[in-house]
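Enquirer: Sending over a structure as structure tokens; questions will come in a sec.
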Amino acid sequence: MVLAPLAVVFAGVAGDPAMEIAHQLAPVLDAAQVSPIAVPPPDLDALVHDDDSTAAIVQALHRDGVIAAELTPADGAFVLRFVAYRADGQVVLARGTPIANETLTGDELAAVAATIAAALDAIPPAAPPPEQLPAVTPREIAEATSSSAEASAEPAAPHVHAELGFGVVARELSPGAATVAAYSSSAVGAIRGSGGIDVTSDLHLAMMAEQALAMTSPLSDGMATTTMTHWEVAASYDVMRCPVAVAPLVGVGHRGFSIESADPARTPDADYTYLVLGAAARKRFATRWIASATVAVEPVVGGAQPTALVAGDQRAWALGVTAAIELHPIAHAFARASLDYQRFAWWWPAAGPRGSGGASDGYPAAIVSIGGAY
């Protein structure tokens, strides 16, 4: 086979343990004059699954061709599947190679090299080749397998992201019990920091911390400094990616509210520690936009609740929902706007679930943030 001097790039290997395979492929790609590039994980997912956004992603790379791969379990072994695109985003090759273990043998690497060669044959050249280059020989394949053995043992580097945002939050407390003071606030400024790590292409860890800024509450003796905080830590795992990525999630969180005052007539402080049991969904639109939503049921497992002194033992749970839109204007940077709402409700066992009298504690928020991903 004669390799044409195409400007072809390799977008990476999706799946776990994809990084070990990527190390072994490096010498073969180099011999075939295919250049590795780094693309965001959502773009790599789109390339290996050929969804509605794939053509735009390929065209934005401005290359003669793009090759991507995915490693998936299959009957106790694995399949390494390659997908190749020409410059306009049309698929020219989709081929899978069965492999026995998490690393490629010499024979398996030879089969993969043949697949890459077939992909290059299928991609139309931008111009006639000025010279002919030799094909990858079996000896070069054996040398590549040997030289990459040490590198393939290195752990995969995880993807990380972090963001900082500003917005507004509010609180609406309806305690149900007439002897407990209700509370209603207008929207106040808030700061939120969040981040996460993609342990694998499917497993994600995320954390968030938020605090209201310069919040006060009017009392009989004047304005009292008020603190409202919120944090969460959660893990999610993608169970479906096309056409919409869906991931169940679990975690733990804490919501706190306190007023620096000894006034007995004020609303009591609130303190909720809760579990997070829910699901998240995300969908890429065009090349740079991602929409996402999260819904979670959040049983309260600790903390001092507002009506405890008046109504005694109680049970509580919350419902949390989030909707967000992300823009990725350039590599490794993004902007995000989100709307969040969390509503706690509680009841007293002696009265049953209907004995809450409408007791609820709601926290709406709107945050705009900027962040980076690597």
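Enquirer: Given the criterion exposed (fewer than 15 other Cβ atoms within 10 Å of the Cβ) and under 30 Å from Ala265 (Cα atoms), identify the matching residue among Pro248, Pro243, Pro218.
Expert: Pro218
Enquirer: Look through Ala111, Ala56, Ala22 and report the one residue that is in contact (Cβ under 8 Å) with a residue 60 or more places away in the chain, in a helix (DSSP H, G or I) and either open to solvent by less than 60 Å² (accessible area, probe 1.4 Å) or within 23 Å of His332 (Cα to Cα) (or both).
Expert: Of Ala111, Ala56, Ala22, the one residue that is in contact (Cβ under 8 Å) with a residue 60 or more places away in the chain, in a helix (DSSP H, G or I) and either open to solvent by less than 60 Å² (accessible area, probe 1.4 Å) or within 23 Å of His332 (Cα to Cα) (or both) is Ala56.
Enquirer: I'd like the residue in the stretch 267-304 that is among the β-branched types (Val, Ile, Thr) and assigned to a strand (DSSP E or B) and, out of all such residues, is modelled with the lowest pLDDT.
Expert: Ile290
Enquirer: Do you know which of the residues in the stretch 1-20 that are of a type outside the set (A, V, I, L, M, F, W, C) and over 17 Å from Ala77 (Cβ atoms) is modelled with the lowest pLDDT?
Expert: That would be Pro5.
Enquirer: Please determine, by comparing only the residues of the stretch 221-232 that are closer than 19 Å to Tyr363 by Cβ and open to solvent by 70 Å² or more (accessible area, probe 1.4 Å), which one is nearest to the chain's Cα centre (by Cα).
Expert: Out of the qualifying residues, it is Trp231.
Enquirer: Residues of the stretch 200-215 being open to solvent by less than 70 Å² (accessible area, probe 1.4 Å) and either over 20 Å from Ala281 (Cβ atoms) or basic (Lys, Arg) (or both), which ones?
Expert: Ala209, Glu210, Ala212, Met215
Enquirer: Then there's this: Could you please let me know if Ala68 is surrounded by 20 or more Cβ atoms within 10 Å (Cβ to Cβ) and either under 18 Å from Ile116 (Cα atoms) or under 19 Å from the mean Cα position of the chain (by Cα) (or both)?
Expert: yes
Enquirer: Which residue pairs have Cβ atoms closer than 8 Å, lie 6 or more positions apart in sequence or on different chains, and pair a first residue in the stretch 221-248 that is among the aromatic types (Phe, Trp, Tyr) with a second residue that is open to solvent by 30 Å² or more (accessible area, probe 1.4 Å) and not in a strand (DSSP E or B)?
Expert: Tyr237/Asp202
Enquirer: Still on this structure, I have one more. Would you pick out the residues in the stretch 349-373 that are within 30 Å of Leu327 (Cβ to Cβ) and modelled with pLDDT of 90 or more?
Expert: Gly362, Tyr363, Pro364, Ala365, Ala366, Ile367, Val368, Ser369, Ile370, Gly371, Gly372
The values are calculated or read from the model by the stated rules, or taken from the named source; none is laboratory data. All values derive from a computational prediction rather than experimental measurement. A quick note on method: Cβ atoms are made from the backbone with ideal geometry, for glycine too, and the neighbour counts reach across all protein chains shown. Ligands, DNA and RNA are excluded from the accessible area calculation, which covers all protein heavy atoms including side chains. Shrake-Rupley method; radii C 1.70, N 1.55, O 1.52, S 1.80 Å.
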